[in-house]
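The values are calculated or read from the model by the stated rules, or taken from the named source; none is laboratory data. Since we're looking at a predicted model, the values are computed, not measured. Glycine gets a Cβ as well: all are built from the backbone with ideal geometry, and neighbour counts include every protein chain shown.
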Amino acid sequence: MMWVLKMVAVAVAVTWGGEVQASPAPLLTGDPYEDILSDPNFRPTPEKQPNITIDKMITSAYGGLFSYMSDNFLEMGGDVITELDLVLKQEQYMQMYGINHGRSKRKATRPLVFRWTDKTIPYEFIASHFSVDEIYYIKAAMARWQETTCLKFRPATRADKNRIRFQNGRGCNSHLGMTGGTQPINLEARGCRYSGLYLHEVGHAIGLVHEHQLPDRDQYIYVIYDNVAPSMRVWFNKYSTKDVNQYGVPYEYSSVMHYGVTAFSKDGSAQTIRARDRSKEKEIGRVYLKGLSFSDIKVVNKMYDCNKHCAKDDNCKEPAYLDKKCKCVRPDGDITTTTKPGSCTNVWDDGQCDGWSQSGECDKNPLWMKENCKKSCKVCNDGDDDDDDDDDDGDDGGKKPDGVCKNVWGDLSCDGWAKSGECDANAIWMKENCKKACKGCDARCTDNHLSCKSWASSGYCDTNWYTRDNCKQSCNTCGRANTEAQNNDGTNATMSQLMTILVVVTITGSYL
């Protein structure tokens, strides 16, 4: 089925304070594009990824920290939006922040009333609020949680009393766990439409709170309170060990539930979170880098008791865990069964995986297939025991071994995007997800300056010849002929002239 329309023709519902007001037409129940992820004819437009952190995105959608505290802290229905995006019912707020109750928070909320019944989360869209591409990426985020845990997301029906609803509400926010009834996940159109944020807000709905406030966070980071806006300091309070249940899963820098290093800054830019191991600060990623971390997946598996039916496996030791298929999952992403360690296998039945592979699912549904049918999709790294007879080039300047440089989204999709110019138009996303199609596999394609990533993210790949030619990896210009910069009088610019300009731009953020 071809998804031709960008918007669904349904009456627009007006939102205020996160609540949907009366509309001439009934709300759309369920999923208007239930099979969009598996439709081979649909190709979503790659997201334009902002180089900002999740908290910056949420703050921007509100119009700044002052606007959040003055206009959006308390919703019309009495719910309280804490920590920028965590919506609490009055009873939840009093339990967690009430004067007589102290502050009792939890990575995975402890009371079972917050768990989703039967591990199933019914969902619906106000379809007129989203483009088809946005619905695709929201569904991909739900699919990622479903693939890695025992949770099931399905379109809501009339019989479902409890459900989540994706809508164009005020700001970017979600309720904590299952609170009863229809609970909105607000994704304001002007700033909340990115995959990393979808994973984050759905994580709240599942029952997760923010990583940087866990009881053990002081072992990994410390908060620079002098740089925190005074009215925001409460949102850096550490969760209580009396009430938290981390299920033995420690803090992780790369968690999708982690805010950035300038969260709640008094001037918007001063650092408020510092990693004790400074080399780890880069893992407190930006929105476009946010995927589910090992700890995010593990804690939800434990929270919902996903391996309850599995026999004990003495070989699967911490920090590894047994997943819903009784497979042992390790922090490095390795998934093993009774086969020898390190072997490349299909998580699902070989017959099923081979059949899906032959029908083209490795290209149509690459995110799921590369995780669950690795052998059938031939994405095994060198050193794995598989049936492939792939030969390495053998020379020190050859391409990377098969399975290292590949298209994450599949050859069919990535090749099409590359032909349409997305390698240049959307370089950051494409070089991460369609590296092979964008010809980024040459081992000799490297950056020749330490500031290349910074220059590339600032847009100098398009405006500065030195950056293009010396930052080929960051600019995704591998294999292209060198360009030549000229001064206005037609003479070639010298290296010292170009480096002077680049240094000034890097320090001041502007041209001379």
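A count restricted to segment 307-329 and to residues that are in a loop (DSSP other than H, G, I, E, B), under 21 Å from Tyr253 (Cβ atoms) and of a type in the set (A, V, I, L, M) stands at 1.
Residues that are in a loop (DSSP other than H, G, I, E, B) and without any contact (Cβ under 8 Å) to a residue 60 or more places away in the chain within segment 235-249 comprise Lys238, Thr241, listed in sequence order. Any residue in segment 149-157 that is at pLDDT 95 or above, hydroxyl-bearing (Ser, Thr, Tyr) and under 30 Å from Asn372 (Cα atoms)? Looking through segment 149-157, at least one residue is at pLDDT 95 or above, hydroxyl-bearing (Ser, Thr, Tyr) and under 30 Å from Asn372 (Cα atoms).
When restricted to residues that are at pLDDT 95 or above, at negative phi and of a type outside the set (Phe, Trp, Tyr), segment 118-128 contains 4. Looking across segment 72-111 at every residue that is of a type in the set (Ser, Thr, Tyr) and closer than 26 Å to Ala61 by Cα, the one that is modelled with the lowest pLDDT is identified as Tyr97.
Val132 passes every criterion in (1) modelled with pLDDT of 95 or more; (2) more than 14 Å from Leu199 (Cα to Cα); (3) hydrophobic (A, V, I, L, M, F, W, C) apart from (1). On the stretch given as segment 280-306, residues that are assigned to a helix (DSSP H, G or I) and at pLDDT 90 or above total 10. Taking (1) modelled with pLDDT of 60 or more; (2) outside the structural domain of Tyr239 (by the TED database) in turn, Ile54 satisfies each apart from (2). Contact map, segment 289-305: first residue under 21 Å from Met178 (Cβ atoms) and without any contact (Cβ under 8 Å) to a residue 60 or more places away in the chain, second residue of a type in the set (Phe, Trp, Tyr) and surrounded by 20 or more Cβ atoms within 10 Å (Cβ to Cβ), Cβ cut-off under 8 Å, separation 6 or more or different chains; pairs are Lys298/Tyr321. The set of residues from segment 259-294 being under 24 Å from Pro319 (Cα atoms) and under 11 Å from the mean Cα position of the chain (by Cα) comprises Gly285, Leu289, Lys290, Gly291, Leu292, Ser293.
Could you please tell me which pairs satisfy a Cβ distance under 9 Å, a separation of 6+ or placement on different chains, a first residue in segment 272-283 that is within 14 Å of Arg217 (Cα to Cα), and a second residue that is surrounded by 11 or more Cβ atoms within 10 Å (Cβ to Cβ) and of a type in the set (Asp, Glu)? Correct list of pairs: Ile273/Glu281; Arg274/Glu281; Ala275/Glu281; Ala275/Glu283; Arg276/Asp218. Out of Ser255, Ser195, one residue alone is hydroxyl-bearing (Ser, Thr, Tyr) and either within 30 Å of Ala159 (Cα to Cα) or more than 19 Å from the chain's Cα centre (by Cα) (or both). It is Ser195. Being buried (at least 17 other Cβ atoms within 10 Å of the Cβ), assigned to a loop (DSSP other than H, G, I, E, B) and modelled with pLDDT of 60 or more, is that true of even one residue in segment 4-27? No, every residue in segment 4-27 fails to be buried (at least 17 other Cβ atoms within 10 Å of the Cβ), assigned to a loop (DSSP other than H, G, I, E, B) and modelled with pLDDT of 60 or more. If I filter segment 182-194 for residues that are surrounded by 20 or more Cβ atoms within 10 Å (Cβ to Cβ), in contact with a Phe, Trp or Tyr (Cβ under 8 Å, 6 or more places away or on another chain), over 26 Å from Phe66 (Cα atoms) and not aliphatic (A, V, I, L, M), do I get at least one hit? So far as segment 182-194 goes, no, none of its residues is surrounded by 20 or more Cβ atoms within 10 Å (Cβ to Cβ), in contact with a Phe, Trp or Tyr (Cβ under 8 Å, 6 or more places away or on another chain), over 26 Å from Phe66 (Cα atoms) and not aliphatic (A, V, I, L, M).
The residue of segment 328-346 that is modelled with the lowest pLDDT, among those that are surrounded by 19 or more Cβ atoms within 10 Å (Cβ to Cβ) and farther than 14 Å from Phe294 by Cβ, is Thr336.
For segment 182-214, residues that are charged (D, E, K, R), at pLDDT below 95 and within 23 Å of Arg233 (Cα to Cα) total 1. The residues of segment 209-258 that are surrounded by fewer than 18 Cβ atoms within 10 Å (Cβ to Cβ) and basic (Lys, Arg), listed by number, are Arg233, Lys238, Lys242.
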